[in-house]
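Heads up: the structure comes next, in structure tokens.
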Amino acid sequence: MKKIISLMLIAFSVNVIAQLPSLRFKDGLKIYLNDDSTRYIKATGLAQIWLRYNDNNPGSTIYGTPKKETFDVGLRRVRYQIMSQVNKHVFFYTQVGINSVNSLSARKTGLFFHDVTAEYSVHKNYLTIGGGLSGWNGTSRYSSSGVANILGLDLPVVEETTNDVTDQFVRKLGVYAKGKISSFDYRVSVSNPFPVQNALSAVATLPATGTNVAYFSTKAPELQYQGYFMYQFLDKESNQLPYMTGSYLGKKRIFNIGSGFAYQKNAMWYRNASLDTVSTPLQQFGVDVFYDSYINKEKQNAITVYASYLNYNFGPNYLRNAGPMNTATGTTGTASFNGAGNAFPLIGTGNVIYAQAAYLFKKDLFKSQGTLQPYASAIYANYQKLKDPMLVYSVGLNWIMSGQNSKLSLDYQSRPIFNTDANGDVRETKSARRGMVVLQYQVAF
């Protein structure tokens with residue numbers, strides 16, 4: 001019996017090997033499953049490696065040791081995707097990976113699912129319905145960012161307002177609908193936010209004292225509703241995946257105007273002047289514009305401009321400090337309002353303007369060694385909790401060696417330092433700004 005089974009396995013293996021030429025490997029790791037290439041399985045991978053210097057916030061410590069500055073190496077992102085056009089109507093997508101691993105992270109960090117979705121095309125491009133763990137978000141373009149084609153060093157995280165608080169790196173379990181009607185592109189979703197008790201990042205809890213400061217509620221979360229709608233004036237962008245491109249590197253002409261929202265009943269709570277607990281909704285609204293176009297089609301030199309206006313309402317005086325892949329673990333008694341490492345007041349109740357711009361030199365600037373793309377970005381926010389505006393800006397340079405598959409980025413970020421004055425007001429200490437320099441190498445297939 002064992003010999004018969006062995007012979008059967010050998011025969012099966014020989015048959016599979018014999019069929020490999022007919023699988024038609026092309027376009028990288030993409031296997032076409034039929035003659036007209038409408039059915040396929042595709043795999044991708046990506047790593048973003050950071051070498052960083054950070055001038056730490058005042059009073060920062062690493063496990064009790066004061067640290068004025070930090071030099072570190074980290075894995076900002078590692079991702080693997082598998083997707084398949086199963087048949088004419090059914091598309092399957094999954095993504096696994098890790099985020100923000102440096103020397104201070106827990107060891108042996110495991111890969112986890114970012115996305116697992118299945119969707120059904122109901123009628124051409126007009127309507128597709130899907131569900132699972134997904135990033136079909138609303139409010140703004142970069143509430144769902146494509147990590148492989150970021151314009152600058154990092155994602156516009158100011159547009160990812162519940163990142164790791166009530167979602168899993170901007171993904172939630174739910175259902176969504178998407179489609180294109182001529183030049184109009186839309187997405188809407190209904191999802192189950194994760195309870196804040198399960199948040200990976202630290203989440204402040206409602207104190208017994210104090211008034212009119214909102215926090216995420218620990219009650220069972222209500223459904224969250226999101227939507228984003230845009231009109232595409234020039235070339236059309238793909239909506240196969242939820243994640244929006246930061247730069248097409250001179251290969252397309254894109255001009256879009258968009259608007260979106262997010263709403264969740266009783267997502268937040270606070271104590272009023274009578275110390276009663278008051279529940280309040282999470283409400284977000286955004287409008288934005290994206291322009292990305294070659295100047296000369298043959299040379300593929302290009303400009304990219306993006307700007308958004310965001311209105312966030314998390315309840316009175318809500319504010320969240322955060323810093324990517326934080327460079328410290330704690331603070332001393334002389335710490336600023338920012339907290340440890342590279343954190344700053346990132347998201348809160350109030351109004352935000354986010355903008356970024358870049359110029360791409362011609363594709364053969366260095367002949368076979370690629371080209372350059374200088375860029376700049378800024379967050380300007382008026383948050384209710386802060387008495388002064390919050391301004392963070394970055395300038396940098398991308399060396400595009402092989403499109404987005406091999407890219408080296410050098411970035412400088414300047415952030416403000418806030419402190420609480422004698423009256424209890426939170427104000428910027430103008431002479432205390434801190435900087436961070438990052439060299440990132442991105443490799444993808």
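Write out, first by first residue and then by second, each pair whose Cβ atoms fall under 6 Å of each other, whose residues are 6+ apart or on separate chains, and whose first residue, in the stretch 92-110, is in contact (Cβ under 8 Å) with a residue 12 or more places away in the chain and open to solvent by 40 Å² or more (accessible area, probe 1.4 Å) while the second is part of a loop (DSSP other than H, G, I, E, B) and among the aliphatic types (A, V, I, L, M).
Listed pairs, sorted by first residue: Phe92/Val86.
Quick test for you: out of Asp292, Asp364, pick the one residue that is out of contact with any Asp or Glu (no Cβ under 6 Å at 6 or more places or on another chain) and modelled with pLDDT of 95 or more. Full working, then the answer.
Values: Asp364 fails: modelled with pLDDT of 95 or more.
Step by step, each of Asp292, Asp364 is checked, and only Asp292 is out of contact with any Asp or Glu (no Cβ under 6 Å at 6 or more places or on another chain) and modelled with pLDDT of 95 or more.
Does any residue in the stretch 180-198 that is small (Gly, Ala, Ser) come within less than 6 Å, Cβ to Cβ, of a residue that is open to solvent by less than 60 Å² (accessible area, probe 1.4 Å) six or more places away or on a different chain, and which pairs are these?
Ser183/Gln232; Ser189/Trp136; Ser189/Gly174; Ser189/Tyr176; Ser189/Gln226; Ser191/Lys172; Ser191/Gly174; Ser191/Gln224
If only one of Phe229, Phe255 is more than 24 Å from Glu298 (Cβ to Cβ) and open to solvent by 60 Å² or more (accessible area, probe 1.4 Å), which one is it?
On the way: Phe255 fails: more than 24 Å from Glu298 (Cβ to Cβ).
On inspection, the qualifying residue turns out to be Phe229.
Within the set of pairs 6+ apart or on separate chains, which have a first residue in the stretch 208-220 that is under 11 Å from Pro193 (Cβ atoms), a second that is modelled with pLDDT of 95 or more and exposed (fewer than 13 other Cβ atoms within 10 Å of the Cβ), and C-beta atoms under 6 Å apart?
none
Could you list all residues from the stretch 307-348 that are assigned to a strand (DSSP E or B), open to solvent by 30 Å² or more (accessible area, probe 1.4 Å) and closer than 28 Å to Tyr228 by Cβ? Please lay out each step first, then the result.
Residues of the stretch 307-348 that are assigned to a strand (DSSP E or B), as a first pass: 307-313, 319-322, 330-331, 344-348.
The next check asks that each one be open to solvent by 30 Å² or more (accessible area, probe 1.4 Å); those that pass are 307, 309, 311, 313, 319-321, 331.
Answer for the stretch 307-348, where residues must be assigned to a strand (DSSP E or B), open to solvent by 30 Å² or more (accessible area, probe 1.4 Å) and closer than 28 Å to Tyr228 by Cβ: Ala307, Tyr309, Asn311, Asn313, Leu319, Arg320, Asn321.
Looking only at the stretch 360-378, count every residue that is exposed (fewer than 15 other Cβ atoms within 10 Å of the Cβ) and aromatic (Phe, Trp, Tyr) and tell me the total.
1
Looking at the stretch 162-173, is at least one residue open to solvent by 50 Å² or more (accessible area, probe 1.4 Å), touching a Phe, Trp or Tyr at 6+ places or on another chain (Cβ under 9 Å) and among the aliphatic types (A, V, I, L, M)? Spell out how you get there, then give the answer.
Applying the first criterion (open to solvent by 50 Å² or more (accessible area, probe 1.4 Å)) to the stretch 162-173 yields 168, 173.
From what is left, the residues that are touching a Phe, Trp or Tyr at 6+ places or on another chain (Cβ under 9 Å) are 168, 173.
If we keep only those that are among the aliphatic types (A, V, I, L, M) too, we end up with 173.
Looking through the stretch 162-173, at least one residue is open to solvent by 50 Å² or more (accessible area, probe 1.4 Å), touching a Phe, Trp or Tyr at 6+ places or on another chain (Cβ under 9 Å) and among the aliphatic types (A, V, I, L, M).
Counting just the residues of the stretch 186-210 that are hydroxyl-bearing (Ser, Thr, Tyr) and closer than 24 Å to Ser100 by Cβ, which one comes out most open to solvent (accessible area, probe 1.4 Å)?
So in the stretch 186-210, the residues hydroxyl-bearing (Ser, Thr, Tyr) come out as 186, 189, 191, 201, 205, 209.
Those still in the list that are closer than 24 Å to Ser100 by Cβ too: 191, 201, 205.
Values: Ser191: 8, Ser201: 37, Thr205: 97 Å².
Out of the qualifying residues, it is Thr205.
The values are calculated or read from the model by the stated rules, or taken from the named source; none is laboratory data. It should be emphasised that the depicted structure is a prediction, and the values quoted were computed from it without experimental measurement. Counting neighbours? That spans all protein chains shown, and the Cβs are built from the backbone with ideal geometry, glycine included. For the accessible areas, the whole protein counts, side chains as well, though only heavy atoms, and no ligand, DNA or RNA atoms are used. Shrake-Rupley method; radii C 1.70, N 1.55, O 1.52, S 1.80 Å.
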